[in-house]
1. Restricting attention to the range 118-135, does a residue exist that is assigned by TED's automatic domain parsing to the domain that holds residue 193 and within 16 Å of the ligand (Cβ to nearest atom)?
2. Looking only at the range 120-138, filter to residues that are part of a loop (DSSP other than H, G, I, E, B) and touching a strand residue (DSSP E or B) at 6+ places or on another chain (Cβ under 8 Å); which one of those is surrounded by the most Cβ atoms within 10 Å (Cβ to Cβ)?
3. Against the conditions (1) closer than 12 Å to residue 223 by Cβ; (2) away from the ligand (no atom under 16 Å from the Cβ), where does residue 105 fall short? Just the number, please.
4. Name the residues in the range 15-48 that are more than 20 Å from residue 161 (Cα to Cα) and not in a loop (DSSP other than H, G, I, E, B), would you?
5. Among the residues of the range 156-182, how many are within 16 Å of residue 144 (Cα to Cα), at pLDDT below 95 and within 12 Å of the ligand (Cβ to nearest atom)?
6. Of everything in the range 139-155 that's more than 10 Å from the ligand (Cβ to nearest atom) and not in a strand (DSSP E or B), which residue is surrounded by the most Cβ atoms within 10 Å (Cβ to Cβ)?
Ligand SMILES: [Fe+2]
């Protein structure tokens, strides 16, 4: 371990010296810390925020120029109007049996989402921005239905270390500019708002980039489909539910 290394570098070095089970625990602790520290604006949290953010970025398992923020945002060609309509219809079916999970309702994938999760088209899109990523095959529909539902800042588990997030539906009773949105939180305490429209896709490194969804209000509804990707050659056992 380097004596002059920053706390973030020392945490990353420590990670390298641990067993896989210990690494998973350290990652969990760093993730929980990031959830609390990264969005805080308290200047007294600055050192901890920087250390945790730096360690997570050093542990990012993907080779990208900048692991922060969105690696891609847009409406990809593969998402035709017909496919989007089919996914929205599948979400409606899955939504009827979705179960409460943390601060949203969770539905597993459906036949169309599951096919798309491992499709050559989606994999090519992801690899065009994050080389070496491969699908975990996990697709999940998420539903925000009850006022107050959202997700506080966090990082995702390994299954979604790379997250492809597709906005399917967002009904808002008020001003869209102030409605619920995806946020990404950065080491300097700043944040970025992603107000997504149906059909829009965001690809980001959710295992290391802190993110959240601000709470919905009465009458607001958000339906999202997410796909998990992992680094090529990673032990598949770590990337299954
Ligand atoms: Fe997440």
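The values are calculated or read from the model by the stated rules, or taken from the named source; none is laboratory data. All figures in this text were calculated on a predicted structure; none of them were measured in a lab. Cβ placement follows ideal geometry from the backbone for every residue including glycine, while neighbour counts extend to all protein chains displayed.
1. No, the range 118-135 contains no residue that is assigned by TED's automatic domain parsing to the domain that holds residue 193 and within 16 Å of the ligand (Cβ to nearest atom).
2. Of everything passing the filter in the range 120-138, 130 is surrounded by the most Cβ atoms within 10 Å (Cβ to Cβ).
3. The one condition residue 105 does not meet is (2).
4. Those that are more than 20 Å from residue 161 (Cα to Cα) and not in a loop (DSSP other than H, G, I, E, B): 43, 44, 45, 46, 47, 48.
5. Residues in the range 156-182 being within 16 Å of residue 144 (Cα to Cα), at pLDDT below 95 and within 12 Å of the ligand (Cβ to nearest atom): 0 in total.
6. Residue satisfying both the conditions and the ranking: 149.
Results for (1) within 16 Å of the ligand (Cβ to nearest atom); (2) farther than 22 Å from residue 66 by Cα; (3) in a strand (DSSP E or B); (4) at pLDDT 90 or above, shown as yes or no for each residue.
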site: 212; (1), (2), (3), (4): yes, no, yes, yes
site: 217; (1), (2), (3), (4): no, yes, no, yes
site: 222; (1), (2), (3), (4): yes, yes, yes, yes
site: 230; (1), (2), (3), (4): yes, no, yes, yes
site: 233; (1), (2), (3), (4): no, no, no, no
site: 238; (1), (2), (3), (4): no, yes, no, no
site: 241; (1), (2), (3), (4): yes, yes, no, no
